Amino acid sequence: MQEIKTFRNKLLLCATLMCALATHTYAQTAATLTISGEVTTPLELKTQDLAAMKQISHKVKDRDGKEHEFKGVALIELLEKAGVTTGAKLRGENLAKYALITAADGYEVLYALAEIDPEFTDQVILLATEKDGQPLPAGEGPFRIVTPKDKKPARWIREVRSIKIAFAKN
């Protein structure tokens, strides 16, 4: 009788772990990143969409003080795909445009477009989907901004859900 209870408990534990893993995997792939505002092509992207794009990585120290390798897509590539003003067109009034990035919990960070554009900076801001070869964990992903040259990781926003492009002088 004890063997049956032990087997049943192990089976229940396995089923619980499988459900938790399936829920985590679904949450990671079901989340959507929207890019809207002053764009020619509003986008709704899922993890699979980003996986099909050119991947880059940064080895940087995170808030925990440990070095991690983050992998994902250059933020500029996503903005260009959405038709955001970049490159030679980023001049005059267009220099008053910014990207407002919002997390699932409402936390927001702001980047001037010139901070993202390679014609103005050599820093490549990353929209990460992986950390140390694994999908970003719950509470951190499925999308996270990594700004490798910021002295503090305060703008390394976790659980990114939207990017809105707007004019500062509205």
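Before we move on, is ASP49 on the phi < 0 side of the Ramachandran plot, in a helix (DSSP H, G or I), open to solvent by 30 Å² or more (accessible area, probe 1.4 Å) and of a type outside the set (Lys, Arg)? Judged against the criteria, ASP49 is a match. Within the stretch 105-127, the set of residues being without any contact (Cβ under 8 Å) to a residue 60 or more places away in the chain and either of a type in the set (A, V, I, L, M, F, W, C) or within 17 Å of ILE35 (Cβ to Cβ) (or both) comprises GLU108, VAL109, LEU110, TYR111, ALA112, LEU113, ALA114, GLU115, ILE116, ASP117, PHE120, ILE125. Inside the stretch 99-170, counting only strands (runs of 3 or more DSSP E) that do not spill past its ends, which hold 2 or more residues that are surrounded by fewer than 16 Cβ atoms within 10 Å (Cβ to Cβ) and not small (Gly, Ala, Ser)? Correct list: 108-112. Within the stretch 77-98, restricting attention to residues that are without any contact (Cβ under 8 Å) to a residue 24 or more places away in the chain, within 19 Å of LYS169 (Cβ to Cβ) and of a type outside the set (A, V, I, L, M), the residue that is least open to solvent (accessible area, probe 1.4 Å) is ASN94.
The values are calculated or read from the model by the stated rules, or taken from the named source; none is laboratory data. What you see is a predicted model, and the numbers here were worked out from it, not measured in a lab. In this analysis, Cβ positions are derived from the backbone assuming ideal geometry, glycine residues included, and neighbour counts consider all displayed protein chains. With ligands, DNA and RNA removed, areas are computed over all heavy atoms of the protein, side chains included. Shrake-Rupley method; radii C 1.70, N 1.55, O 1.52, S 1.80 Å.
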